[in-house]
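To keep things clear, I will list the structure first and then write my remarks on it.
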Amino acid sequence: MSTAHPSTAPSRSLALDVMRGLTVALMIVVNMSLSEQLSYGQLLHARWHGFTLTDLVFPSFLFIVGAAMAFSLERSAQAGRGAAFARVLRRSALLFGCGLLLYYFPFVQQGADGSWSLRPLATARIPGVLQRIALCQALAAAVLLWGGRRGAIVFSGLVLLGTWVVLLTGGDLTLEGNAARRLDLWVFGAGHIYQGEGLPYDPEGLLGTAAATVHVLAGYGATRWLRAAPAQPLARLVVLGAASVGLALAWDPLLPINKKLWTPSYVALTIGLDLLILAALTALIDRRGWRRGLWVWQVFGLNPLAIYLLSEVGNAVLWLTPVQGTSLMEWLYQHGFQSWAGDKPGSLLYALAYTAACWLPGWWLWRRGIVVRL
């Protein structure tokens with residue numbers, strides 16, 4: 001992991017920094033959910049088929065990863081495709097390792113007799129959020145470096161259609177019998193995938209990761225077009241975004257929009273929404289020069305990985321620290337927010353306060369012009 005000053009980076013888009021910052025902030029807010037009963041519906045993932053605001057967060061982050069690659073990959077490719085891909089692989093490996101360590105944290109557990117031991121590797125989860133980002137980043141870089149724009153389009157079409165075929169022919173669309181779960185059980189085994197759905201099933205599994213790579217390619221393509229035609233109207237992004245949303249809605253009766261399965265209809269919907277959001281932010285910020293208050297989101301956007309890792313480690317520490325017979329997280333919620341704001345409002349205010357606390361170290365880095373990179 002290294003640090004750099006923003007002035008040493010390739011030219012940046014303020015709209016992209018703000019979009020990244022908004023995504024990271026919302027990601028932290030939704031990750032601070034205490035329980036389904038204490039959270040508003042839009043701050044929870046859809047139970048299975050369907051869509052909520054929370055379901056837009058992860059694909060938007062992947063879209064922004066692709067947008068960043070439109071700057072970094074071009075510079076790296078000047079040294080040759082092999083060298084550029086080696087650099088992406090190194091970053092992806094470090095990111096994948098961070099994801100594994102983050103899940104394994106705090107590395108030890110206490111037994112019934114009070115003794116402490118290392119957490120067993122036999123039940124360590126292998127897929128995860130950072131792991132998926134790492135794999136998508138590496139796969140997208142390979143497609144772009146050796147296939148270019150045409151290769152990215154062909155890859156996206158084949159992956160989405162292939163995922164559709166596999167989901168419909170390799171099982172059903174239930175939690176228990178879907179093809180994605182069968183693949184992960186075969187590759188990783190039941191002990192190494194997510195257990196939070198009531199049975200072994202990983203929403204960041206292998207089949208969905210292939211489809212998720214399309215988000216990275218879409219973010220790359222949209223940003224490349226914006227850089228190549230900075231003065232052109234944004235109608236192309238709006239039309240493509242609206243068409244993608246329309247395709248998703250038409251596709252939904254045949255293959256439901258489902259974040260946990262990462263269905264192609266879900267990919268089409270979220271890419272369409274991200275294109276519309278990017279067009280709106282570009283029009284307001286990069287084209288019309290709106291700047292008021294944007295530095296708040298730039299703080300999140302310039303150091304997304306550092307702030308995300310801090311938020312996850314801090315959250316784990318709060319859950320694991322005992323206070324008066326409960327966790328420190330629940331104690332803070334009950335005494336600092338629930339006692340005067342109520343259940344759901346108190347839970348939301350706690351999440352916002354925690355997000356603001358994570359923003360402070362990011363502000364310190366931003367004030368000093370430091371960008372933390374892998």
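The values are calculated or read from the model by the stated rules, or taken from the named source; none is laboratory data. A quick note: this is a predicted structure, and the numbers were derived from the prediction, not measured. A quick note on method: Cβ atoms are made from the backbone with ideal geometry, for glycine too, and the neighbour counts reach across all protein chains shown.
Scanning the stretch 69-78 turns up no residue that is in contact with a Phe, Trp or Tyr (Cβ under 9 Å, 6 or more places away or on another chain) and not in a helix (DSSP H, G or I).
Every residue, every condition in (1) among the hydrophobic types (A, V, I, L, M, F, W, C); (2) buried (at least 16 other Cβ atoms within 10 Å of the Cβ); (3) at pLDDT below 85; (4) touching a Cys at 6+ places or on another chain (Cβ under 8 Å), yes or no:
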site	(1), (2), (3), (4)
Thr3	no, no, yes, no
Ser7	no, no, yes, no
Leu16	yes, yes, no, no
Met19	yes, yes, no, no
Leu22	yes, yes, no, no
Met27	yes, yes, no, no
Val30	yes, yes, no, no
Ser35	no, no, yes, no
Gly41	no, no, no, no
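Among the residues of the stretch 53-61, at least one is free of Cβ contacts under 8 Å to residues at least 40 places away in the same chain and surrounded by fewer than 22 Cβ atoms within 10 Å (Cβ to Cβ).
Consider Ala138 carefully, then state whether it is surrounded by 15 or more Cβ atoms within 10 Å (Cβ to Cβ), assigned to a helix (DSSP H, G or I) and modelled with pLDDT of 95 or more. Here the answer is yes, as Ala138 does meet what is asked.
Return the only residue of Gly336, Gly293, Gly342, Gly289 being small (Gly, Ala, Ser) and either surrounded by 14 or more Cβ atoms within 10 Å (Cβ to Cβ) or in contact (Cβ under 8 Å) with a residue 12 or more places away in the chain (or both). So the residue among Gly336, Gly293, Gly342, Gly289 that is small (Gly, Ala, Ser) and either surrounded by 14 or more Cβ atoms within 10 Å (Cβ to Cβ) or in contact (Cβ under 8 Å) with a residue 12 or more places away in the chain (or both) is Gly336. Filtering the stretch 131-175 to residues that are basic (Lys, Arg) and without any contact (Cβ under 8 Å) to a residue 40 or more places away in the chain leaves only Arg150.
Scan the stretch 273-306 for residues that are part of a helix (DSSP H, G or I) and touching a strand residue (DSSP E or B) at 6+ places or on another chain (Cβ under 6 Å) and the total you get is 2.
Scanning the stretch 184-205 for residues being surrounded by 18 or more Cβ atoms within 10 Å (Cβ to Cβ) and assigned to a helix (DSSP H, G or I) gives a total of 2.
Put simply, of Thr355, Thr321, Thr270, Thr326 the only residue that is under 30 Å from Gly246 (Cα atoms) and among the β-branched types (Val, Ile, Thr) is Thr270.
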